[in-house]
Structures are given as structure tokens and as C-alpha cells.
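Down below is the structure, laid out as C-alpha cells.
The values are calculated or read from the model by the stated rules, or taken from the named source; none is laboratory data. All figures in this text were calculated on a predicted structure; none of them were measured in a lab. We place every Cβ from the backbone using ideal geometry, glycine too, and count neighbours over all the protein chains shown. These accessible areas exclude ligands, DNA and RNA; they are computed on the full protein's heavy atoms, side chains included. Shrake-Rupley method; radii C 1.70, N 1.55, O 1.52, S 1.80 Å.
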Amino acid sequence: KEDSLAFRAPKIQLRSRQHNTKDPSLLRGVVKKSIKMMLLKCSSALLAIAIVSSVEADTTTPFGKNYFGKKFEPAFEDIGEILRQSDLRRARLAEEAKDPSTRRRLDPADEEFFDDFIAHNDTQTCTADAHAVPFDQQVRGVCLGGWQVLEPWITPSLFYQFLGEDQDTAALDTYTFCKVLGPEEGNKQLRRHWESWVTEDIVRQLAEDDHVNSFRLPVGDWSFNPYGPYVGCTDGSLEYIDQLLDWAWKYNVTVLMDIHTMKDSQNGFDNSGKASALKWTSAFSKWPEGETATFLHWPIRTAEWLGTFNFSTFSYPQINQANIDHALTAITNLVDRYKEHPAVLGLEPINEPWEFTPIDVLKKFYWDGYLIMKRAAPLWKFVMHDSFRFDVNVWGGFMDGCPDRALDTHIYQAWKPPSSRYSFYGDACAWKAGIAAMEEHFGPVIVGEWSLATDNCAMWLNGFNDNVPGYPMLPCKSIPCSPPYMGTDQPGTPLDQGQPYLGPYGTGVSGPSWGYCPVGRDWMKEHKKNVTEGTDWEHAPPEAPPGRDGTDEVMTNLARKKILAFSGSGHGFYFWNFRTDVEEPAWSYMLASERGWIPKGSFESDHIRSACSQEDQGEFLCVARRSPGNEEQVRGACEWALGTMGEDTSVVKDLQGDALYDEADIVYNQYWQENYIKGATCDFGGTAYLQYNSDAASDDEFVDDWVEPDEVDQDNVSKENAMIGIACGVVLGGFLGFFIAMRSSVSFNVRVRKSMPRSLQNSQVFTSRNSLLGSESMPMLLDESDMNTMQRVA
């Protein structure tokens, strides 16, 4: 770790004075230094060769176990090339130091020299980046959520034991799980969970069958800097992480280490380790049948990692530097433990810091974490979450010139208002522009979390026995709750099917009832007149009737558009999640892949390449949603759009009813068409949706035009065609039955003939052998005059 310039000095002196024989002592000193440098290089080469040989020989590694005989391949083909590149880097750094424009930054307090670049602390930027480890491979990954950091909605079987409990015995997250159960019982249950939630067979399936090339692994900060109730409760977590990394290396999958939690919570979500804040209100819930366990979370959610948040000023009066230092210590310990592991792709130092996090404090934390990582693990990537502020004005230029950094953004549609499939399609494709802009102004972008969910129905998605006020926006489908993934030894399982919805109760409703769990809604096949609006789906039952389920088509098309947007413009993605306890294919990569929604093979297909062709070619109109009571919202959105476009906002001031909606159609579509390429969506606060502007949308069912005919379910016929078929069948069956009865039933034949005129009753049509309406066995019909005639003849 000596200064790079010191390595170059002997050679520079030797070249400048090699013909100067008048000073033998100087020459001897230069030669000595040169010999020392060569010996150092030879030693380094021998050490590198020994390391590579030891890995080839499948010997014990620094982790206490081998890597299954898999050869670790260095960045260059041979050691000589490594040394040559090292010389080139040092020479470049020396030239950088000589540059007058950089000479002012040579203060060690402002500069830090690395093998591949120079870090400038005063500007939080870098120079002299050699691009030694270019970010030239997209990640096609999944998140291993719910394993090291508990989230009740992902693994509800682990939390059924807390149904019916109160504030002293109920757990809502990892923090309260360890606090309520204690270190011994908590650790016992966690080890059973760690053993069964992520297995080698699952890793193999994801790598070989689903062609995943990277995992994003959420880990707790407590595993690397223990504190509070996690002490003892999470013992052994590192050994399971070690095992997962070894499996990943065995199956050629990289791992992004994601520190998902922070002390005192960075966002207030349960996925931060501790849902914050939480207030039990059981003492005030005595009606109608005595005290009931209730709690309050969402209306008072806060994040206390950086200190106590002031809700009046929306700021932190004082920053808790101790918590920041605690996080930096966790980063240091994680990097030190895994810096040599070949499966590790890099580090994400914090997950989803909430949107009120002071951006300067967050950037300083990112900068410090980046330097810690680079000092010990120079080949790792450094991935930073955007703090729910995916804005080039916030991130453009940050850490400019620094190698191996990327921005992580999370893109979900589960919290969007219900709308047509076109709106969800358009929203997915619109992200191409935003990601491309961030790639231009910042650098590599990874979509670190996304799913196929278009509703908020997944049980406990917004917290254990809780929900965000107003969600879900539509009734949810229910299915039998899954058996426990870890076996029936787990307390609280199997779920009691004889129990209704149990407490404790949050501000919203979500939970099992009578053995059934709420899950995502089905997408309906649309009626002819409503295919562009989605109203059939919004007003239909949550579970599609037989023959009307269009979920496979919608999810397949939506997945293709998202894959194109996230991979076509950015550096790839991680799907959230790899699997779920309750069957939720929109949230489970393994189930979505099994159902064919996400391709198992290559993404280099025409289906994906042309997935957004209709959106890109402007085949949609952005129009106002005609909903009762939304006129003020529509008017406000129009005024905003007109003002943004520099036009007169008074044109909508006095408009009402259809006149307002018609004008909104024009304003919305004009704004969207002009700004779609910049990433604008057709939403306008939930008052707009995309309408397909093509005659191609006249069929009952909608399948995108690039879906092959053999991919369409032949049984999925339109309602009109079905009714015509039924009517034709009834008519044809009636005629056939009539002919058969006329030939075989004497009584039916006679009754029919008696209803006819007298002149036709005894026609050969009804009494001959070859007739369709009778046979020779049918009797003649005689009236009273015929009987008299026969008597006279007799």
C-alpha cells in the first residue's frame, strides 16, 4: 500500500542519469532501488501464482471450505499482464499528479490514491479512472428477500404464531420477533427458517433453469455489528450467508450484498428490521366486546436512523452520527469478511432510505462507504439506492468519474390506482426514457426491485395485520393458505381453518380468515366496448369466471415490456422476490417463470425487442377518467399541465361536466405526447388513463399484436360469438329433435298434423316411408264426415 509514485521514482531516475558515471554512489543507489522493486514484483507474482494454484488444487480457502474445485479466473490472462497493467496505472497516476490542474488537490486530506483512480474528498468525485473493471454485463437477477431480514408478507408461516396476541406477545418484524421470543427460542426458529427458505436446490434451479445470473441478498446490519434484541437471536446468520455465497459460486451466480436494515430504521418499514413508529392503542379499544389489541403505524410512520424527525419542519434538527458510525462499522466488517470471496459482485450500503433523508448527509454516507469498500475490495461494485428520488437533478454528477458505482431504483405498479392494461403497459414502457436519462447524467442504473403485481392485495404486503389507509383499492381474491414451508414443527402452523380474522388489528385490514389468504386479483378478458378502459376488470369479481381469465396474457405482455425498459435502457434488474410463501406469481420469480410470464431462456427475442413498439409509435391517447366527484382533480391537473406547457390555464376554469372532460382529453394527450419521451406517464393524479387509438382493438379479447397465434388460448372466444354459437346450437338441435319425433312418435306426429289445415293432415310427407316428417306407420287422420262415408260404404 505504498504511494504509487514511489514505485516509479527509481526507473525515472535511472533513465535520466544512466549515462552519468561520475557519481557511482548515485548509480548504485538507483540500481539497488530498481532491484528491490523487481524483487517485490517477483514476490507478488509468486504469491499470485500460489493463490491461483491453491484454488485449482481445491485446497482450503480463507472461508474454511473449498469452492468445489472451480477455478478462479483473474481479470487478465496471466500474471505478466497484471503487472503490466499495474505499471500503466501507476504511470497514469503519476502524470495526473504532475498536472497543474490537479496539483492543488495533493493534500492527503483531500486525496486518496487507489490502483485505478484518485478519489477527491472535497468534491466527492474521482479522476484517472482506468475502467479496469467495466460494468459491461447486465444483471438478470432476483432478490432473496425474507431470508435474513424477515418480512411477514413474504413468509407468513413464520408469523401465524402471533395471531390473536397483544402488544407484549405479538411480533411485526425482525426486531419484535427477537424481542418477544427471546434469543434462545428466536434463534431456534430462525435457524429452521434459514435452513428451509433458501436451499441449494433453489439456487441451482434459479441459475440453471431460470437463467438468473445474480442474487441481491438483503442482510441485517446486526449480522455485522450486533445490537439490541438481535444479539443471540441471530447467531449463526453469517454461516448461512457463507454457505449461500459458496452455492452461488458453484452455480456461477454473483451476489450483491445489500445491507437492508439500519439501527432505528431508515424508512419506518418492517423491511428495515423495525417498523417505526408503532403505537399500541389497545387501552382505547374497549368497544364493542372489551379490550381489543390494536395498534397505529402508518399515520405516524417515521425513520429514526438519522435522529428524531420533526414533522413540523420535515427535517432532522440533529443528526445521529453514532448511528451513521454504527452503519459504517457494519460496512467495514462485511467487506473485511467477504472481500476475497469470488461470488460477491459488490455492496449496497443501505436499502430504501426514506424520501425525507437529508440528501447531503446521505451522499456523505455513500461516499464514506464507497471508500471503505474500495480500500479492501477494489473489484466490487457499489450500488446506491436513490432514496425514492430518481431525479437527474439530485444524482447527476454525484461521484462523477468514480469507477464501479451504480444507482438503484425500485419500480412498482402495485400501489398505482386501478386502471386498464394499457395504462400499466404505457407506464412500464415510459421508464425507458427516465432510465436512459439517468444513465447519461449519472451512470449505470439498476432496477433493484420490481414485480408484476398490479394491485395491493398480497396478504400483509403493507405490514402484519395492517394496511396503508385506502388499500387495497379493489376487492381481493382469496385462496387456501399454503402449508408451512419449514414443516409443521413451526408454532402457529398449520393455520387454524376454524378461526376468523384475528388481531392484533392495525389501521387497515389484511390477514387470513377461515384458512384463506388474500392474494392478487385476476385480470379479466375485456368486453368489446371496454377493452381500452379496463372497466370490466375494475367492476368484475376478483376471481375470473371460467373462460374469462386473461391474467396469463396481461402478465406475459407486461413482463416483456418491463424487461425491455429495465434492460434495454439500463444495466439490468433484480426481481422482488425469488419466491413467496403464499402462492403469489406476480411477486414470485420462480412461479412467474413456471407459468411462462417471464422467459426462462434468452431475452434476445423479437417479443421483447418490440414489446414497447405500440407505445413508442404513439398508438395511444391519454384521456381523462370520467369518475363521479373527480372534476376538481381533473381541473387542477389540467391547470398544472397547461401551466407547464406555458399555455393559458383559464380555459378550464369555468368548464364543468362533459365540457371539462373533453377539454381534459385534449390537454392530457398533448402534454403526454410531448413529454412521453422524457419519461412522463399518463396518470395525472389518477385522473387519466391510456386509450388504444386503433381499429385493432375491436376484438373482445386483447392480445398484443406481436403475440403468436399459437400462444393464444383457442378456447377464449368472445361473448358475442359464444351467444351466436349457443343460439345456432339451440335452433339446429330443435330442428333435429322435431324431425326425429315426427318419425318415431305417433302421438307427437298426430298432434302436429291435427294443428295443420285439413288438406295437409294426410299428406304423404307425413305417412310415406322416405319422408323426414313421418313414416308409413303413421295413421291416417279421419274426421266425422270421413267416418260417415266409411259407414255408408260398409
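Annotations for the structure displayed:
- Single condition Gln321 does not satisfy, out of (1) modelled with pLDDT of 95 or more; (2) out of contact with any Ser or Thr (no Cβ under 9 Å at 6 or more places or on another chain); (3) closer than 24 Å to Thr409 by Cα: (3)
- Only one of the listed residues (Gln167, Gln189, Gln124) is open to solvent by 10 Å² or more (accessible area, probe 1.4 Å), at negative phi and touching a residue at least 12 places away in the same chain (Cβ under 8 Å). That residue is Gln167.
- Filter pass, Asp408 being over 23 Å from Ala688 (Cα atoms), in contact (Cβ under 8 Å) with a residue 60 or more places away in the chain, open to solvent by less than 20 Å² (accessible area, probe 1.4 Å) and outside any helix (DSSP H, G or I): yes
- Checked against the criterion of being touching a residue at least 12 places away in the same chain (Cβ under 8 Å), open to solvent by less than 30 Å² (accessible area, probe 1.4 Å) and over 18 Å from Thr329 (Cα atoms), the candidates Ser282, Ser272, Ser237 yield just one match: Ser282.
- The residues in the range 472-485 that are assigned to a loop (DSSP other than H, G, I, E, B) and farther than 13 Å from Tyr160 by Cα can be counted, and the count is 5.
- Each residue in the range 622-667 was checked for being at positive phi and open to solvent by 60 Å² or more (accessible area, probe 1.4 Å), and 2 of them qualify.
- Criterion applied to Thr261, Thr292, Thr199 was being closer than 23 Å to Tyr175 by Cβ and of a type in the set (Val, Ile, Thr), and the one residue passing it is Thr261.
- Residues of the range 329-341 satisfying the condition of being more than 13 Å from Pro226 (Cα to Cα) and open to solvent by less than 30 Å² (accessible area, probe 1.4 Å): Val335, Tyr338, His341
- Taking the range 633-656 as the range and being within 13 Å of Tyr668 (Cα to Cα) and among the small types (Gly, Ala, Ser) as the test, the residues that pass are Gly636, Ala637, Ala641, Gly643.
- The residue that is farthest from Ile479 (Cα to Cα), counting only those in the range 589-598 that are assigned to a loop (DSSP other than H, G, I, E, B) and open to solvent by 40 Å² or more (accessible area, probe 1.4 Å), is Gly596.
- Taken as a whole, the range 313-321 holds at least one residue that is of a type outside the set (Phe, Trp, Tyr) and crowded, with 16+ Cβ neighbours inside 10 Å.
- Scanning the range 411-446 for residues that are under 15 Å from the mean Cα position of the chain (by Cα), of a type in the set (A, V, I, L, M) and either farther than 30 Å from Phe117 by Cβ or open to solvent by 20 Å² or more (accessible area, probe 1.4 Å) (or both) returns Ile411, Ala414, Ala428.
- Breaking point among (1) surrounded by 14 or more Cβ atoms within 10 Å (Cβ to Cβ); (2) at pLDDT 65 or above, for Ser777: (1)
- When residues of the range 668-696 are limited to those that are modelled with pLDDT of 70 or more and in a helix (DSSP H, G or I), the one surrounded by the most Cβ atoms within 10 Å (Cβ to Cβ): Tyr668
- Breaking point among (1) open to solvent by less than 50 Å² (accessible area, probe 1.4 Å); (2) modelled with pLDDT under 90, for Thr493: (2)
- Residue count, the range 379-405 (criterion: of a type outside the set (Gly, Ala, Ser), on the phi > 0 side of the Ramachandran plot and surrounded by fewer than 22 Cβ atoms within 10 Å (Cβ to Cβ)): 1
- Of the numbered criteria (1) in a strand (DSSP E or B); (2) of a type in the set (Asp, Glu); (3) more than 22 Å from the chain's Cα centre (by Cα), the one Glu449 fails is (3).
- The residue list Leu345, Leu306, Leu362 contains one member that is touching a residue at least 60 places away in the same chain (Cβ under 8 Å) and hydrophobic (A, V, I, L, M, F, W, C), which is Leu345.
- Checked against the criterion of being in a loop (DSSP other than H, G, I, E, B), among the charged types (D, E, K, R) and touching an Asp or Glu at 6+ places or on another chain (Cβ under 6 Å), the candidates Lys263, Lys274, Lys286 yield just one match: Lys274.
- Pick from the range 352-398, criterion polar (S, T, N, Q) and in contact with a Phe, Trp or Tyr (Cβ under 9 Å, 6 or more places away or on another chain), ranking: nearest to Thr302 (Cα to Cα): Thr357
- Condition met for Ile350 (assigned to a loop (DSSP other than H, G, I, E, B) and of a type outside the set (Asp, Glu)): yes
- Screening the candidates Glu289, Glu304 for the property of being out of contact with any strand residue (DSSP E or B) (no Cβ under 9 Å at 6 or more places or on another chain), acidic (Asp, Glu) and more than 19 Å from Gly506 (Cα to Cα) yields one hit, Glu304.
- Residue, surrounded by the fewest Cβ atoms within 10 Å (Cβ to Cβ), within the range 599-620, restricted to residues that are in contact with a Cys (Cβ under 9 Å, 6 or more places away or on another chain) and either without any contact (Cβ under 8 Å) to a residue 60 or more places away in the chain or not small (Gly, Ala, Ser) (or both): Asp616
- Against the conditions (1) in contact (Cβ under 8 Å) with a residue 24 or more places away in the chain; (2) within 23 Å of Pro480 (Cα to Cα), Ser588 satisfies every one except (1).
- As a summary of the residue check, Val149 satisfies the conditions (1) touching a Gly at 6+ places or on another chain (Cβ under 7 Å); (2) over 30 Å from Phe284 (Cα atoms); (3) at pLDDT 95 or above; (4) surrounded by fewer than 23 Cβ atoms within 10 Å (Cβ to Cβ) except for the one numbered (4).
- Qualifying residue in the range 476-488 (condition: within 14 Å of Gly508 (Cβ to Cβ) and open to solvent by 20 Å² or more (accessible area, probe 1.4 Å)): yes
- Members of the range 192-215 that are touching a residue at least 24 places away in the same chain (Cβ under 8 Å), farther than 30 Å from Tyr227 by Cβ and open to solvent by 10 Å² or more (accessible area, probe 1.4 Å): Glu200, Ile202, Arg204, Gln205, Ala207, Glu208, Asp209, His211, Asn213
- Counting only residues that are on the phi > 0 side of the Ramachandran plot and open to solvent by less than 10 Å² (accessible area, probe 1.4 Å), the range 540-588 holds 1 of them.
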